[in-house]
1. Write down the accessible area per residue of the range 76-124 in Å², having rolled a 1.4 Å probe over the full set of protein chains.
2. Could you list the residues of the range 58-83 with an amide nitrogen less than 20 Å from a label point located 7 Å from the Cα of Asn26 in the Cα-to-C-beta direction?
3. Solvent-accessible area per residue for the range 137-197 at a 1.4 Å probe radius, Å²?
4. Heavy atoms only, probe 1.4 Å: what % of the accessible area of the range 1-135 goes to carbon and sulfur, would you let me know?
5. Taking K and R as +1 and D and E as -1, what net charge do the other residues with C-beta under 11 Å from the C-beta of Arg32 add up to?
6. Modelled label-to-label distance, Glu68 and Lys196, 7 Å Cα→beta-carbon offset: nm?
7. Quick check: from the Cα gyration tensor, does the range 1-120 come out rounded (a/c under 1.5), prolate or oblate?
8. Go through the range 9-20 residue by residue and turn each phi into a ³J(HN,Hα) via Karplus (6.51, -1.76, 1.60, θ = phi - 60°); whole Hz please, and just put x for glycine and proline.
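The values are calculated or read from the model by the stated rules, or taken from the named source; none is laboratory data. Being a predicted model, the structure only gives us computed values, none of them experimental. Heads up, the Cβs are rebuilt from the backbone with ideal geometry, glycines too, and the neighbour counts pull from every protein chain shown. Just the protein is used for accessible areas: all its heavy atoms, side chains included, with ligands, DNA and RNA removed. Shrake-Rupley method; radii C 1.70, N 1.55, O 1.52, S 1.80 Å.
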Amino acid sequence: MTAAPRRKAIFIDRDGTLSEEVGYVNHLSRFRLFPFAVDAIRLVNRSPFLAVLVTNQAGVARGYFAEEMIHAVHGEVKRALDAGGAHLDGVYFCPHHPSAGEPPYRQDCECRKPKPGLLHRAASDLGVDLAGSYVVGDRRGDLELAWGVGATAVMVKTGYGRGEIEHLAPAWPRQPDLVADHLLDAVVQILSREEKR
Ligand SMILES: [Mg+2]
Ligand SMILES: [Zn+2]
């Protein structure tokens, strides 16, 4: 008996990467999908990679909004992607915070990025080969998330990205494996890199 072949994924951060970084999205009206987001996900869908959203949403633990808000936002993402012929293969979020709010949301969980819990969950649900996968995000924590599981780290210049790259990255012991202007550029770079393998 042979195991089902494992697939590679492009794990995508939400705020600052798929959508504008606006602080806590505590109302649907604050959510702004980037104009290139649908094209980027559709491109992933037409490649061998799975498209998986991974996001920290500690606003729940902090009491800024209920977990339902996250589902409402992700429903909005799904509608926009559906309309553009694109889809996410998985959506994973961490609503926890180690010190803010009340249990059960106040906990030192294994899923708050850069801890790898969300990736492990996706790997088990979807059969993902993490070492062959990519994480795309706008903050150093997204890079650490990638490196923690042996994946490739891609930093975008949207959201906090440009500031982190210009002001903080020079002092980092390890630089992003790839730097992209935005998510669509990141996907294009990943796919062209893979083609050359
Ligand atoms: Mg982000
Ligand atoms: Zn968590």
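1. Heavy-atom SASA per residue in the range 76-124 reads 53 Å².
2. 58-74
3. 50 Å²
4. About 52 percent, which is the carbon plus sulfur part of the accessible surface.
5. Within the 11 Å Cβ shell, the charges total -3.
6. 5.0 nm
7. oblate
8. Per-residue couplings from phi come out as 10, 10, 7, 10, 5, 8, 6, x, 10, 8, 9, 4 Hz.
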